[in-house]
Amino acid sequence: MGVMSGRWRTSLETRGRNSPMTSTCLKSQVVDLKAEGYWEELMDTTRPDIKVKDWFAAKPDCGSKYQLCVQLLSSAHAPLGTFQPDPATIQQKSDAKWREVSHTFSNYPPGVRYIWFQHGGVDTHYWAGWYGPRVTNSSITIGPPTALMSPSPHPQNPDW
């Protein structure tokens, strides 16, 4: 699994009275781990590390607020782990550079079957239209637990 594509759902959270200028736009996706080739025994016994990553930037002429929430879900869609950093506010007339946010879930409880990934935001001036943060290259990477990764027995020759 790598960069996320397809299957995105968009939602608007309106603040105020039906005003499109005060809407937060969020995109979310639920990843079915079994459908992606990660069987239950693997997820319950090995519990591989799950690394989530996202990139965001503001437009140079408008400030924005970016938010991210990722949850590990059970078969009943109950949360088993959550990563939700504080929203990031980028001021107007910023450098508009892309910023990375990432997190690795390790030692989570058995029973993870889905991953819910939601990101988006709103512009800080509430202009009509979409001027919120730009998001790209969202990814979920599943790999061996860090505890299973040991240094090479031959540090002078890692290809040994």
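The values are calculated or read from the model by the stated rules, or taken from the named source; none is laboratory data. Treat the numbers as computed from the prediction; the structure is a model and nothing was measured. For neighbour counting, all protein chains shown are included, and Cβ atoms are generated from backbone atoms with ideal geometry for every residue, glycine included. Heavy atoms of the whole protein, side chains included, go into the accessibility calculation; ligands, DNA and RNA do not. Shrake-Rupley method; radii C 1.70, N 1.55, O 1.52, S 1.80 Å.
Over all directions, what mean area does the Cα convex hull of the stretch 25-144 project, stated in square nanometres?
For the Cα atoms of the stretch 25-144, the hull's average projected area reads 7.7 nm².
How much accessible area per residue does the stretch 25-144 have, counting only protein heavy atoms and a probe of 1.4 Å, in square angstrom? Numbers along the way, then the final one.
Values: 5890 Å² over 120 residues.
Per-residue value: 49 Å².
Expected output is a single nm value to one decimal: the length gained when fully extending between Val30 and Glu100, i.e. 0.36 nm times separation in residues minus the C-alpha distance. What is it?
23.1 nm
Could you please state, rounded to a whole Å, how far the C-alpha centre of the stretch 23-45 is from the C-alpha centre of the stretch 70-104?
Cα centres, the stretch 23-45 to the stretch 70-104: 16 Å.
Once the piece of chain linking Trp127 and Gln84 is laid out straight, how much longer is it, given 0.36 nm per residue of separation minus the C-alpha distance between them? Before the final figure, lay out each step's value.
Working: separation 43, 0.36 × 43 = 15.48 nm, distance 2.61 nm.
Using 0.36 nm per residue and subtracting the Cα-Cα distance, I get 12.9 nm.
Per residue of the stretch 47-54, in order, report the coupling 6.51 cos²θ - 1.76 cosθ + 1.60 (Karplus, θ = phi - 60°) as ³J(HN,Hα) in whole Hz, putting x for Gly and Pro.
Values per residue, Gly and Pro as x: 6, x, 4, 10, 9, 10, 9, 8 Hz.
Ranking request for peptides 54-62, 37-45: highest mean number of other beta-carbon atoms within 10 Å first, then the rest in descending order. Walk me through the numbers on the way to the answer.
On the way: 54-62: 18.9, 37-45: 12.9.
Highest to lowest by the protection proxy: 54-62, 37-45.
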